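Accompanying notes for the structure given below.
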Amino acid sequence: MKETNFRTLDLNLLRVFDQVMAERNLTRAARNLSMTQPAVSNALTRLRDALGDRLVARSGYGVEPTPRALALWPAVSDALRQLESSLAPRDFVAAQATNSFTLAMADATAAEVVPGLVEILERDAPGISIRMVPLTTRDPRRLLDEGTVDLALGFFPAVLADLTAQAQGGGLPGFQYERLYDGQYVCVMRKGHALAKKALTLDRFCDARHMLVSFSGRPFGFIDEALASRGRHRRVVLTVNQFFTAGLVVENSDLLTVLPRHFISSTGRSEQLVQRELPFEVPPVHVDALWHRQRTQRPEHAWLRLVVATAARKGFGAGVR
């Protein structure tokens with residue numbers, strides 16, 4: 001790797017690099033910078049020469065970053081945001097703002113967060129709009145990296161483990177997170193189920209027919225992983241992608257499912273459902289807000305994170321029985 005002389009590096013090139021990485025498109029980056037596309041291309045060429053890396057390569061209608069560019073971007077973005085905040089601080093007044101934010105989360109999380117979030121918007125920020133999209137993965141970093149969503153809420157154990165490992169290795173993770181609340185999963189069945197009046201043993205659990213809630217549609221979840229570690233397995237005969245759907249199906253069938261305890265009251269069918277503790281140990285489920293590091297210093301995003309955390313904790317507290 002080419003050694004860079006920082007004293008002779010044109011720091012304006014880093015602004016171009018930041019916008020190209022954010023947009024993954026030279027035309028949009030040029031528009032944001034009030035430059036022509038040839039000027040952006042020329043700046044990238046100069047930065048490539050200085051760093052000894054091609055940084056991006058054309059891909060479809062945009063560009064794809066190299067590993068070196070992905071490793072460099074969080075530090076560059078952080079530095080630019082801090083300079084921007086110091087030299088030209090921006091005030092964010094929620095009552096006057098007209099921002100639009102996109103949030104990704106599962107319906108169980110939405111049941112805890114959205115009511116409180118709407119209350120805050122109506123009271124404090126009537127001009128702000130929120131768009132909800134379904135969370136279809138346990139690793140939403142690509143969505144955040146592409147700017148498709150501003151904030152992802154959910155259970156991301158592998159992502160958090162990776163970010164922790166990066167930080168412990170001296171790296172600067174490209175994403176940050178905040179713990180919203182901890183949940184616990186329980187086994188759920190209809191009131192008239194044959195197991196409703198019996199102790200739910202591991203054998204009975206494994207011998208039953210099950211429904212799995214899977215965002216991606218993969219018929220194997222963390223409950224199955226926990227069983228596999230014990231040399232056991234269950235029979236999943238139906239896979240759905242929403243917790244609300246699971247509540248409806250269980251109420252009208254002999255299938256068992258596993259749901260977040262705090263969510264059950266949100267189904268509106270808690271009187272028709274029976275909860276049982278799982279007959280094996282499962283770690284608590286941590287629900288986190290995850291976002292791209294480059295948005296951390298933006299006042300509008302800081303406000304968004306604050307109100308989402310406030311709404312989540314209020315909703316979770318109201319949902320615990």
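The values are calculated or read from the model by the stated rules, or taken from the named source; none is laboratory data. All of these numbers come straight from a predicted model, not from anything done at the bench. Neighbour counts are summed over all protein chains in view; Cβ atoms, including those assigned to glycine, are modelled from backbone coordinates with ideal geometry. Areas reflect the complete protein model, heavy atoms only, side chains present, ligands, DNA and RNA absent. Shrake-Rupley method; radii C 1.70, N 1.55, O 1.52, S 1.80 Å.
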Original post:
So which helices (runs of 4 or more DSSP H) stay within the stretch 95-177 end to end and still have 2 or more residues that are over 19 Å from GLY315 (Cβ atoms)?
Top reply: 141-146, 157-168
Original post:
Is at least one residue of the stretch 62-77 closer than 20 Å to GLN19 by Cα, assigned to a loop (DSSP other than H, G, I, E, B) and open to solvent by less than 80 Å² (accessible area, probe 1.4 Å)?
Top reply: yes
Original post:
Taking only pairs six or more apart or across chains, which ones have beta-carbon atoms under 9 Å, a first residue in the stretch 120-137 that is closer than 16 Å to LEU306 by Cα, and a second residue that is among the charged types (D, E, K, R) and in a helix (DSSP H, G or I)?
Top reply: ILE128/GLU300
Original post:
Could you list, in sequence order, the residues of the stretch 136-153 that are under 9 Å from HIS292 (Cβ atoms) and within 10 Å of the chain's Cα centre (by Cα)?
Top reply: ARG141, LEU144, ASP150
**OP:** Of all residues in the stretch 24-45, count the ones that are open to solvent by 80 Å² or more (accessible area, probe 1.4 Å) and not in a helix (DSSP H, G or I).
**Re:** 2
Original post:
Which one of LEU83, LEU87, LEU33, LEU72 is under 23 Å from the mean Cα position of the chain (by Cα) and either within 30 Å of VAL240 (Cα to Cα) or at pLDDT below 90 (or both)?
Top reply: LEU72
Original post:
Just wondering, is there one or more residues in the stretch 246-254 that are open to solvent by less than 60 Å² (accessible area, probe 1.4 Å) and at pLDDT below 90?
Top reply: yes
Original post:
Counting only residues that are of a type outside the set (D, E, K, R), touching a residue at least 12 places away in the same chain (Cβ under 8 Å) and surrounded by fewer than 18 Cβ atoms within 10 Å (Cβ to Cβ), which one in the stretch 46-58 is nearest to GLN297 (Cα to Cα)?
Top reply: ALA50
Original post:
Of the residues in the stretch 1-23, how many are open to solvent by 40 Å² or more (accessible area, probe 1.4 Å) and either touching a Ser or Thr at 6+ places or on another chain (Cβ under 9 Å) or of a type in the set (D, E, K, R) (or both)?
Top reply: 6
Original post:
Looking at the stretch 116-150, which of the residues that are open to solvent by 70 Å² or more (accessible area, probe 1.4 Å) and of a type in the set (Lys, Arg) is farthest from TRP303 (Cα to Cα)?
Top reply: ARG138
**OP:** Report whether or not ARG81 is outside any loop (DSSP other than H, G, I, E, B), surrounded by fewer than 18 Cβ atoms within 10 Å (Cβ to Cβ) and out of contact with any His (no Cβ under 7 Å at 6 or more places or on another chain).
**Re:** yes
**OP:** Taking only the stretch 292-311 into account, find how many residues are in contact with a helix residue (DSSP H, G or I) (Cβ under 6 Å, 6 or more places away or on another chain) and modelled with pLDDT of 90 or more.
**Re:** 4
Subject >> Condition check for ALA110: without any contact (Cβ under 8 Å) to a residue 24 or more places away in the chain, of a type outside the set (D, E, K, R), crowded, with 18+ Cβ neighbours inside 10 Å and closer than 30 Å to SER216 by Cα >> reply: yes
**OP:** Could you list, in sequence order, all residues of the stretch 172-206 that are over 26 Å from LEU259 (Cα atoms) and open to solvent by 20 Å² or more (accessible area, probe 1.4 Å)?
**Re:** LEU172, PHE175, GLN176
Original post:
Within the stretch 151-171, how many residues turn out to be surrounded by 14 or more Cβ atoms within 10 Å (Cβ to Cβ) and over 23 Å from VAL236 (Cβ atoms)?
Top reply: 8
